[in-house]
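The values are calculated or read from the model by the stated rules, or taken from the named source; none is laboratory data. Here the structure is a predicted model, which means the values were calculated and not measured. Reconstructed Cβ throughout: ideal geometry from the backbone, glycine too, with neighbour counts over all protein chains shown. Quick note on the areas: whole protein, heavy atoms, side chains included, nothing else; ligands and nucleic acids left out. Shrake-Rupley method; radii C 1.70, N 1.55, O 1.52, S 1.80 Å.
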Amino acid sequence: MVDKKPVNGHQILISTKSLNRHGLIAGATGTGKTKSLQVMVEELSLKGVPSLVMDIKGDLSGLGAPGSTNKIIEERAHHIQMEWEGKGFPLEFLSISDEPGVKLRSTVSEFGPIVLSKILSLNDTQQGLLAMLFQYCDDQGLPLLDIADLKTVLRFAAAEGKAEFQKMYGLVPTNSAHAIMRKITQLEQQEGDRIFGEPSFDVGDLCETKDGLGVINVLRLTDVQAKPGLFSAFMLSLLAELFQTFPEIGDPEQPELMIFIDEAHLIFKNASKELLEQLDTIIKLIRSKGIGIVFITQTPDDIPENILSQLGFKLQHALRAFTAKDRKAIRLMAQNFPESDTYNVEELLTELGIGEAVVSFLDRKGRPQPLVHSLMRPPLSRMDVLSNSELDSIVKNSKLKDKYEKRLDRISAHEELTKRIEEELEAKEELENEVPERPVAKKATTTRKEKSTLEKVMASSVTRTIARELTRGILGVFGISTTRRRTTSRRRRR
Ligand SMILES: Nc1ncnc2c1ncn2[C@@H]1O[C@H](COP(=O)(O)OP(=O)(O)OP(=O)(O)O)[C@@H](O)[C@H]1O
Ligand SMILES: [Mg+2]
């Protein structure tokens, strides 16, 4: 658009080759961010590129049904000179809660001690203890699947099995064990424990195509808005898993998978410094795996500076200036766009109409292009949501449903250790019955001073454990479990 009027017949197309450089869709409420996301996901699907969409508000299910035309759509289609025809796209609903859809889960050992430490916000000493628990389970061949397993191993290491455990791995600080248990309880209260267990989700299943169209995986997250901690931890583990599973491919002609995170401020709100650093690193590295990430949020300020500076394209919808502070922020934001001879960006940012955006992007070679005031094309799919029965029918016909529907509960660390403790107790009772009068050994007590020395020793052994893990995992985000076995067949055709 020039002088706020559409220039008929000129289409602005972003090269799929640049999409693994990630992007941002920003704008005040109601300015068209989610519809722009819808349009991008549609275009990708048409090119056979699958997407994963974080549907925080539950307003993206309409992608599964054709839209119907109206005057506004016709007018827009005329300006853009496109043939508009309603079209529904292949959807797969995913969920990490009670929302309908295929359940996304991973075993505790797949999360690994480092990601889990981030999820639980553990300090170094606690993280070291957790790493030892993982090591113990690895050595003992105890499957660490769900939260019950983790709690039982922790209890075992701090109580019944403490002597055995300390002999093999070093001291177990009681305070740290209690602290980890408290953090696990907090996670359970946020229902975060649901993301742990079997069958664990194979991220390769996100890369399906159907009849040549990329499948759009809609992760329904309407009930996690109040749990930003869980959401950011979940995102980190998902990105880490994608990073680990996908091969290095450099800059492909089109992405293997695009991830859209609506209401992205939820990820960064309350995220710890470590979590942010991990996200920053992984966003940098995931690019060469052919995965692009698009953040959708009200203002670019919601995204940490170091992540923002990595984003290849920006689709900026209108901003509203209510206060002097807002005006200052908009001026700053305008300066962050490439210079333009055609537009007064600062003015334009507050004057954009709904479904219009200032777009800046990279060309195929990664060179920044001049910014353009663009009228977004209308979605081909429905702008409204699906009805419950439409949604149910998609969930019912899901290709992934049978694979993930039933939660498995095979014998794992919890059952094994509980059995062992019971057997040991029985043996002890029998022994006590045989020799009733035995001098009781004085209970060992640890003074405060000794405890702090313990913590110091612990911290140094922790450093060693972590260093070993860092060399095992490329990023230091991944676990040490040797039980991880993943097969991935990407881009499967149905
Ligand atoms: N590309 C478009 N084509 C046609 N109509 C559009 C387009 N973009 C936005 N609209 C209109 O604007 C309305 C609001 O858009 P949308 O829901 O995308 O806003 P939003 O920025 O995501 O808002 P929120 O911050 O509340 O989530 C839509 O319901 C639709 O009527
Ligand atoms: Mg929205």
Share antiparallel - DSSP beta bridges, the chain, percent rounded to 5
30 percent
For the pair residue 432 and residue 331, what calculated FRET efficiency results from E = 1/(1 + (r/R0)^6), where r is the Cβ-Cβ distance and R0 = 56 Å, to the nearest 0.05?
0.10
What Rg and what Dmax come out for the range 294-421 when only alpha-carbon atoms are used, in angstroms?
23.7, 76
Straight-line reach from residue 284: which lysines fall under 18 Å, measuring Cα to Cα and dropping same-chain residues less than 8 apart?
17, 273, 314, 365
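For the full complex of protein chains and a 1.4 angstrom probe, list 343, 404 by accessible area with the highest value first. Numbers along the way, then the final one.
Values: 343 35, 404 5 Å².
If we order 343, 404 from most to least accessible, we get 343, 404.
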Just to be sure I understand the curve: with the Debye formula and one point per C-alpha of the chain, what is log10 I(q)/I(0) at q = 0.07, 0.11, 0.13, 0.14 Å⁻¹?
-0.44, -0.94, -1.22, -1.36
Can you work out the accessible area per residue across the range 299-397, with the rest of the protein chains kept in place, probe 1.4 Å, in square angstrom?
54 Å²
Over the Cα atoms of the range 56-167, what radius of gyration and what Dmax do you get, in Å?
24.9, 77
When the charge dipole of the range 131-234 is computed with +1 at the Cβ of Lys and Arg and -1 at the Cβ of Asp and Glu, the Cα pointing farthest to the positive end, of 132, 216, 195, is that of 132
Å² per residue, accessible surface of the range 151-200 at 1.4 Å
46 Å²
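Going from most exposed to least, what order do 272, 117 have by accessible area with a 1.4 Å probe?
Numbers: 272 35, 117 5 Å².
In descending accessible area the options line up as 272, 117.
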Degrees, to the nearest 10: 147-158 long Cα axis against longest axis of the chain
40 degrees
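Count neighbours as other Cβ atoms within 10 Å of each site's Cβ, and list the trypsin sites (Lys or Arg not before Pro) in the range 291-371 that are DSSP loop with at most 13 such neighbours.
Details: sites: 314, 320, 325, 327, 328, 331, 364, 365; in loops: 320, 364, 365.
Those that pass, being in a loop and sparsely packed, are 364, 365.
When ligands, DNA and RNA are left out and all protein chains stay put, how many square angstrom of accessible area per residue does the range 91-150 have with a 1.4 Å probe? Could you put the intermediate results ahead of the total?
Details: 1330 Å² over 60 residues.
So the range 91-150 comes to 22 Å² accessible per residue, rounded to a whole number.
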Listed here are the pairs 47/103; 33/57; 103/269; 118/227; which of them are more than 21 Å apart at the Cα?
47/103; 103/269
If I model a spin label at residue 288 and residue 310 as a point 7 Å from the Cα along the Cα→Cβ vector, what separation in nanometres do I get?
1.3 nm
Mind checking which of 250, 142, 82 is farthest towards the positive end of the chain's charge dipole, using Cβ charges of +1 (Lys, Arg) and -1 (Asp, Glu) about the Cα centre?
250
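Quick check on the chain: helices-only [θ] at 222 nm, where DSSP H runs of length 4 and up contribute -39,500 (n - 2.57) each and the sum goes over total residues. Nearest 500, please.
My calculation for the chain gives -13000 deg cm²/dmol from helical runs alone.
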Can you give me the % of accessible surface on the chain that is carbon or sulfur? Probe 1.4 Å, all protein chains present, nothing else counted.
50 percent
Using only alpha carbon pairs under 8 Å that are at least six residues apart, calculate the relative contact order of the range 254-345 and give it in whole percent.
32 percent
